[in-house]
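First comes the structure, then the notes that go with it.
The values are calculated or read from the model by the stated rules, or taken from the named source; none is laboratory data. Owing to the predicted nature of the structure, the values given are computational and were not obtained by experimental measurement. As a convention, Cβ positions derive from the backbone with ideal geometry for all residues, glycine included, and neighbour counts pool all protein chains shown.
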């Protein structure tokens, strides 16, 4: 888990608290600020997850088929005729 994921989770949590406090206090401005902070935290957390995934899962290489696995045009034509 990297720094972006931790900070993102903390911002998300702080935004939830601020938004809920705004709802209880009937303060639309606080609700909007809390929601914005929550979204910012979710984006930062997602960015951290993507960075972690790119480090742990390098792109997979597709194996090249063996020469006996490759169908030639001639063998394909013979197979279709049969």
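At-a-glance table
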| read-out | value |
| --- | --- |
| Candidate set from segment 20-39 (those that are within 25 Å of the chain's Cα centre (by Cα) and surrounded by 16 or more Cβ atoms within 10 Å (Cβ to Cβ)); member that is farthest from residue 52 (Cα to Cα) | 34 |
| Qualifying position, being over 26 Å from residue 2 (Cα atoms) and either in a helix (DSSP H, G or I) or modelled with pLDDT of 95 or more (or both), among 34, 22, 41 | 22 |
